[in-house]
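For reference, the structure discussed in these notes is given below.
Bear in mind these aren't lab numbers, they're just calculated from the coordinates by the rules spelled out. For clarity, every value in this text was computed on a predicted model and none was experimentally measured. Neighbour counts are summed over all protein chains in view; Cβ atoms, including those assigned to glycine, are modelled from backbone coordinates with ideal geometry.
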There are 4 protein chains.
Amino acid sequence: MKVGILAVTAYSGLELVRILRRHPQAEIASVTGRSTAGKKLSEVFPHLASLDLTITEDLTGSIDVVFSALPAAASAEKIAPLLRDGVKAVDIGADFRLKDLEEYRRWYKVDHPCPEYVEEAAYGLPELNRHEIAAARLVANPGCYPTAAILALAPAVKAGIIEPDIIVDAKSGVSGAGQNISREYLYSEVNESLRAYAVEGHRHLPEITQELGRLDTTADLAVTFLPHLAPMTRGILASCYARLREDAVGSGAAAEAAVREIYSSFYKGEPFVTVAQSPPSTKHTLGNNNCVVYPAVDTRTNRLIAISCIDNLVKGAAGQAVQNMNLMFGLPEGEGLGELALYP
Amino acid sequence: MKVGILAVTAYSGLELVRILRRHPQAEIASVTGRSTAGKKLSEVFPHLASLDLTITEDLTGSIDVVFSALPAAASAEKIAPLLRDGVKAVDIGADFRLKDLEEYRRWYKVDHPCPEYVEEAAYGLPELNRHEIAAARLVANPGCYPTAAILALAPAVKAGIIEPDIIVDAKSGVSGAGQNISREYLYSEVNESLRAYAVEGHRHLPEITQELGRLDTTADLAVTFLPHLAPMTRGILASCYARLREDAVGSGAAAEAAVREIYSSFYKGEPFVTVAQSPPSTKHTLGNNNCVVYPAVDTRTNRLIAISCIDNLVKGAAGQAVQNMNLMFGLPEGEGLGELALYP
Amino acid sequence: MKVGILAVTAYSGLELVRILRRHPQAEIASVTGRSTAGKKLSEVFPHLASLDLTITEDLTGSIDVVFSALPAAASAEKIAPLLRDGVKAVDIGADFRLKDLEEYRRWYKVDHPCPEYVEEAAYGLPELNRHEIAAARLVANPGCYPTAAILALAPAVKAGIIEPDIIVDAKSGVSGAGQNISREYLYSEVNESLRAYAVEGHRHLPEITQELGRLDTTADLAVTFLPHLAPMTRGILASCYARLREDAVGSGAAAEAAVREIYSSFYKGEPFVTVAQSPPSTKHTLGNNNCVVYPAVDTRTNRLIAISCIDNLVKGAAGQAVQNMNLMFGLPEGEGLGELALYP
Amino acid sequence: MKVGILAVTAYSGLELVRILRRHPQAEIASVTGRSTAGKKLSEVFPHLASLDLTITEDLTGSIDVVFSALPAAASAEKIAPLLRDGVKAVDIGADFRLKDLEEYRRWYKVDHPCPEYVEEAAYGLPELNRHEIAAARLVANPGCYPTAAILALAPAVKAGIIEPDIIVDAKSGVSGAGQNISREYLYSEVNESLRAYAVEGHRHLPEITQELGRLDTTADLAVTFLPHLAPMTRGILASCYARLREDAVGSGAAAEAAVREIYSSFYKGEPFVTVAQSPPSTKHTLGNNNCVVYPAVDTRTNRLIAISCIDNLVKGAAGQAVQNMNLMFGLPEGEGLGELALYP
């Protein structure tokens, strides 16, 4: 299986290289970059000295599947002609995630360049959408925050046990900002500091609402989502809060038991989601494709506290993209994704 | 003014030394420690080479005021006889914070050793309690999380503009755990990791509820408080969420303006609280006694988002303790506390 | 191939698990621990939830090869009887590294418990010692610092181009201290701090001298080795300095070219050593078995500057141990060790 | 005393603000910046909300002393006319450090814009040059690395106890690179990484050689200086190595005692240099103007190991600049500089 990567020099593009390198069925055939076109990948990233890949401005040769780490709009523009040529595509960018074109325009400040492909794109969260992904030629890989938030909340929303008022307080490592070179991401600015951002609204909010909404079409969800930047390179921890519906799970210890049972059933057999016995650390998923979910109940207020963690560049980007590729091509879902977390 | 410090080798004890060293009216007269008794302070902490202080097991000589960084129960036991001798006291520990002795026993797993002093102790949050502190001989210095959470929420609770359902999602640097020497606080375990803890309930919850409750005795607050450990040494960022009462502040931009006005008025003239124009970073308060509060409205859900940050060892411990001492002795409130943040 | 791991809960033991898990020919059959014996490995380390291994006090069942991460003396004591039973062994500890028993006693403050095996043990640095390792039943896995220092200096010493006065200034991440639970390794103590330690002499010095000495038996090396602790979890960077012998390589640009040629030839074809074109970062080897070496010449003083970096837990411990196992069992040397570095 | 700061938005400029704010005799009267001219300082740096300073393109009003944090050449150009107007100046930049104009041109790639002032400029290392500084109207504030390296080596060079072959292996926090916004200084690139840089030669080398050379004009020093970037914001640790002259101090324990005595005498009474009893951590000087020096002897090779640490932005820049200003104006040398280190 020949793979192309658009914008390989993005952190998520590089992470695709790292993962696909150990994938037994995939061969990285062509990689693109703009300012680095013409260079060897190893010239720009010396730690990739063992790879013999040259960055080109456009994809070269024939490929079976393309991953795109391009920014909004640019991604759809490059993917559309490839689809027409019969290439399957996983967009790590945001272009095919939102079904509502108006919402897309509101958050990404641009008209969608290829609206005709939006409807058919499968939202690439295998745990909720496995069959649709397997049948798709175009997969919209979820955002990093939505992956963490949706996996933390899906069992509760699906089971109808929580009120529609939901808070998602998410903390992310800095690699989520990509190689955005500005003062605020300098080491000296980030180190020993933690802050909220995008308080007025973050692009990942409509994605979270859209996908959770599909799980319970009767609920009118009111989600508040606040992202934070933490002084670490990788990892997202999402802490989610919602009132439990007492008529659904009772209260106190009974509610807690019921909630755990609902989560355990929901994720039973999932290769990449673990329902943990104790609150997870982001380090527990460093470098691998796992999502650890910890559901608990604040018995004083009968509130669900659902915590999840992922590596934003793996399950939150490149790893999930490969998981989607595996599904799209009928391969074992975990092919190339079996790594344990890097600890400590 | 001669000062004694109980448990000087605790991080908050050392921070007291750092602050009092530059206080023009205070002289550190006696410092205690258990396992280090008999040693020079500079032997144990070489960066204090310029100080000539010997650690003793008990306070020596005559003092005017004592600060205690001892653990629960031990603190009250040491403070009580000093009070009887006419020494004023600021307890950085938790012994005199909770007015309900039953709550104290529930959270600290011990009977209060000196219940007779609990009632008279002033809760040492000057922004809410300045006069009571000035008149007190015993001040209960607030916990680090309560300081951040209460200052973030007080204006809204006092003004009655939020529903009683409150979420406090707080992130703390590791020095909050003190010199607790266990595997979970090793560098290799904390670095590149973020986690929630005390999901089943944290000792600072009753303190937050008690003090916010005093601001609006008609409300029956239901606070969920979830602390997180972040990979940094100092700093607390508290993100607080509550529904706005539409009858109180309206909605949308009007609500946002009303909320900002309420916060600005509330903290007008406060020397150590700033109402910020943009979301603050914990680095903005690194090493100083400030609390930065940022109130915002999620206009999609009409929810208050109130963010605050402090240095957990300064405004969250030793700095606030000195602020309280200044009030207790009629000194200018900011004496010794004028430092700018260490940036970057 | 059934593998046993002594002291699996040490960081290097856990790293063995991570690496062997993806090794196609190895099966982790038995793992030991002292204080955790009886528990599931996943109970103690939740990120290993996907493994079904129980920690026992002693090895159970039959194994083909044992790795030991036990401390000095304890390691040899456990390994000796296994050798007698025909089990091959890789000691990640220090017991079989030093050929001079007197030196061993001087640095490890204990009489060697099994001196009879010292002579036959192969020093497990494949780049210098491949054939001996392949023939051995007992391999002494090099220390992390010696791995970095020897690989940085070996080509120069072997070629006889430097004076015998050598400085090795090495900087290590904190995981090198293992799970040593003491105040000095707490996050709050290590973060934002860098320090030298063991200035009076470090146990890895005699190992460096012994192995470099074997490369040029005519030289009487005078090595000064100073280790430093840097605020990071993994990684060693060794900066090595020695005067070039002008009669050997000339001076200026000619010397630089000659030195680069000597290094490139020396490591030609080596699967895990790269001679870099620019100064490497420890991040270039994060999580993988590579050593990057950068030789340069300070043309002002005609001094060799040889810089190397490794991941102290991989090439500096568990990865090299697996590389040694591969050699001992006639497997491809890189089996299970093909990972790219985790970047960023 | 009215103070002007050129390039206040540089990290060293901001650090001047932090220090001068608590200086009883200094008033910050005017601050300049290029891209931020016209803005309030607190707009650009919210943690400075308590200051009412507006950034202007050029200095305004009358001032007594100017500090410049401008880059090479630009600094001299701005300082020269001020000198002519009778303003005293401390150049935190490099323009007046090197006495040899050819050397200046070689390292800074520019002709010196005001060679006529080079000779009279005092090199602002008070421990070596106190009287010259006190008499000067123009002080060249030393570079951060030279400050650490020279203070580590000065007693040994002055006493003539070491051979002229010297290695300085220095490790610096990232703030040393200023607000240089490029990929290599992004948090994700620096975190968990350590690297050497400027292997081919660093601008601070001629400065180190020039000043050490003045201490022993008979020696022909051959200094190799290798700087490293460590994952921390502040701090420099310099590890310096040189052979001891056996005829000067003997060997073994006697040499060690002699060396310690030489260092203790040399720095006797110095307010900002401590000769430590144990190897220092950079954290011991975090945020303050101290330099901690630890001299030791590798008795196996009779080599001096002299370790020093400073905060690169304080003793390595702004703090030392204020120390120089105090000397130039006849104030107590430590005015405004009495802070203890921020610990932990």
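General remarks:
- Summing Cβ point charges (Lys, Arg +1; Asp, Glu -1) relative to the Cα centre of the range A:1-143 gives a dipole of roughly 420 debye.
- For chain A, the longest principal axis of the C-alpha atoms and the axis of helix A:11-20 are separated by about 80°.
- Whole-angstrom Cα spans of the range C:145-312 along principal axes, big to small: 51, 31, 29
- Diffusion coefficient, µm² s⁻¹, Stokes-Einstein with Kirkwood Rh over alpha-carbon pairs of chain A at 10 °C and 1.306 mPa s: 78 µm²/s
- Taking the inverse of the mean reciprocal distance over all distinct Cα pairs, the Kirkwood hydrodynamic radius of the protein assembly as shown comes to 33.0 Å.
- Residue and distance (whole Å) for the chain D Cβ nearest the axis that superposes D on C: D:Asp169, 2
- Acute angle (nearest 10 degrees) that the helix A:144-159 long axis makes with the longest principal axis of chain A, alpha-carbon atoms: 40 degrees
- Taking label points 7 Å from Cα along the Cα-to-Cβ direction, A:Leu53 and B:Ala219 give a separation of 5.3 nm.
- Think of the range C:131-271 as having a plus end and a minus end, set by charges on the Cβ of Lys, Arg, Asp and Glu; of C:Ala222, C:Met232, C:Val157, C:Met232 sits farthest toward the positive end of this dipole.
- The H on the amide N of D:Asn312, modeled in the peptide plane, is under 5 Å from the matching H of D:Gly235, D:Ile236, each at least 5 residues off or on a different chain.
- FRET E, pair B:Glu246, A:Tyr197, Förster distance 25 Å, beta-carbon r, rounded to 0.05: 0.40
- Inter-chain neighbour count for B:271-283: the average number of beta-carbon atoms from partner chains within 10 Å of each residue's beta-carbon is 5.
- Distant alpha-carbon pairs in the range C:221-321 (separation over 19 angstrom), percent: 48 percent
- Inter-chain Cβ neighbour average for residues B:174-181, partner chain, 10 Å: 4
- Descending semi-axes in whole angstrom, ellipsoid equivalent of the range D:1-62, from the Cα gyration tensor: 16, 14, 10
- Selection of GluC sites (Glu not before Pro), the range A:114-174, meeting DSSP coil and at most 14 other Cβ within 10 Å: A:Glu119, A:Glu120
- Sorting D:Thr60, C:Thr209 from the fewest to the most surrounding beta carbons within 10 angstrom yields D:Thr60, C:Thr209.
- Sparsely packed loop sites in the range A:139-227 (the chymotrypsin sites (Phe, Trp or Tyr not before Pro) outside DSSP H, G, I, E and B with at most 16 other Cβ atoms within 10 Å) comprise A:Tyr197.
- For the protein assembly as shown, a crude dipole built from +1 on the beta carbon of Lys and Arg and -1 on the beta carbon of Asp and Glu, taken about the Cα centre, is about 0 debye to the nearest 20.
- Cut-off 15 Å (backbone N to label point 7 Å along Cα→Cβ of D:Ala257), residues of the range D:278-311: D:297
- Total formal charge among the other residues, if their Cβ is under 10 angstrom from that of B:Asp64, Lys/Arg +1 and Asp/Glu -1: +1
- Sorted largest first, the spans of the alpha carbon positions of the range C:2-120 along the three principal axes are 45, 26, 22 Å.
- Each of B:Thr301, A:Thr285 was scored by other Cβ atoms within 10 Å of its Cβ. Arranged with the fewest first, they read B:Thr301, A:Thr285.
- Taking every residue in A:223-230 and counting other chain Cβ atoms within 10 Å of its Cβ, the average works out to 6.
- Interatomic Cα distance distribution for the range D:170-227, bins of 10 angstrom, percent: 18, 41, 24, 13, 3
- For chain D, the mean residue ellipticity at 222 nm estimated from helices alone is -8500 deg cm²/dmol, where every DSSP H run of n ≥ 4 contributes -39500 (n - 2.57) and the total is divided by all residues, rounded to the nearest 500.
- Using alpha-carbon coordinates, inclination of helix A:74-84 to the longest axis of chain A, degrees: 70 degrees
- Neighbourhood net charge (11 Å Cβ-Cβ; Lys/Arg +1, Asp/Glu -1) for A:Leu340: +1
- Distance in nm between pseudo-label sites at B:Ser62 and A:Ser265 (7 Å out along the Cβ direction from Cα): 7.4 nm
- Using Cβ point charges alone (K and R +1, D and E -1), the dipole size of chain B about the Cα centre works out to roughly 640 debye.
- Where chymotrypsin sites (Phe, Trp or Tyr not before Pro) fall in DSSP loop in the range B:54-158, at most 13 other Cβ within 10 Å: none
- Taking Cβ atoms as reference points and 15 Å as the exclusive limit, the residues near B:Ser278 contribute a net charge of +1, counting Lys and Arg as +1 and Asp and Glu as -1.
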